[in-house]
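Down below is the structure, laid out as structure tokens.
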Amino acid sequence: AYQEYLRGRHHWHNWSADSIRRAIGFFERALEHDPAFALAYAGLGNAFGALSYYGHIPPHEGFPRARAAALRALELDPNLSDAHVTLALERLFYGWDWPAAEAAIGKAVKLDPDSALAHTVRALIDVTCGRFDAALTGARRGRALDPLSPFTNMGPAWVLHFAGRHDETIHELLDVLALKPGLEEAGNVLITSYETLGRFEEALAVIARQRCWQL
């Protein structure tokens, strides 16, 4: 079960629709081996949450599945940080309950202060609430804890983008693309930053080589 779980995490961290779907398959196989494996339920929650956020499955289908998987994980292990992360994301992007999102992510960080995922998600909550300085600190902390993850590497770029610091955003995104060439999430934010600064030829060059907002 643990080997299947690790395979699932590997594919989840590749951060594409296909890789996240593959991760779900591995997490489900882990549960076939051990139906009480809390980490696998937490992985399912993370995966369904990601697919829902990016529109790869309808949010009204995916986010409830993410929440259900996270709650099942917490029934089995109340101290599982990743499950609280999923609950935070579901409340932030689907439940529209920001106090509940903040409470869940606070638990996640407290339970595992070295969770790159928890720090990056807390940065997303902070930036949603307009706390840009705190968000940038958290995003950089998440990246430092997992410097090879496309998700954590996107953290500082997301914060800088929403803070309107587009020159710095571009610098961060070019670094992300050097680490993970072709990452559409990075390319899409890069397009927006170039357009905002009036650098239309550079924006067009990115649009020409990738799908725009995964369309």
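Taking (1) out of contact with any His (no Cβ under 9 Å at 6 or more places or on another chain); (2) within 26 Å of Tyr94 (Cβ to Cβ); (3) modelled with pLDDT under 95 in turn, Asp126 satisfies each apart from (3). When the residues of segment 84-123 are filtered to those that are in a loop (DSSP other than H, G, I, E, B) and either touching a helix residue (DSSP H, G or I) at 6+ places or on another chain (Cβ under 7 Å) or modelled with pLDDT under 95 (or both), the one that is most open to solvent (accessible area, probe 1.4 Å) is Trp96.
Only a single criterion out of (1) part of a helix (DSSP H, G or I); (2) within 20 Å of Glu185 (Cβ to Cβ) is not satisfied by Ile57, namely (1). If the condition is being open to solvent by less than 20 Å² (accessible area, probe 1.4 Å) and either in contact (Cβ under 8 Å) with a residue 60 or more places away in the chain or within 18 Å of the chain's Cα centre (by Cα) (or both), then segment 25-47 contributes Phe27, Ala40, Ala42, Gly43, Leu44, Gly45, Asn46, Ala47. Count of segment 49-62 residues, restricted to those that are open to solvent by 20 Å² or more (accessible area, probe 1.4 Å) and either in contact with a strand residue (DSSP E or B) (Cβ under 8 Å, 6 or more places away or on another chain) or on the phi < 0 side of the Ramachandran plot (or both), is 8.
The values are calculated or read from the model by the stated rules, or taken from the named source; none is laboratory data. It should be emphasised that the depicted structure is a prediction, and the values quoted were computed from it without experimental measurement. So basically every Cβ, Gly included, is an ideal-geometry build from the backbone, and we count neighbours across all protein chains shown. Protein only, heavy atoms only, side chains kept; ligands, DNA and RNA dropped before computing areas. Shrake-Rupley method; radii C 1.70, N 1.55, O 1.52, S 1.80 Å.
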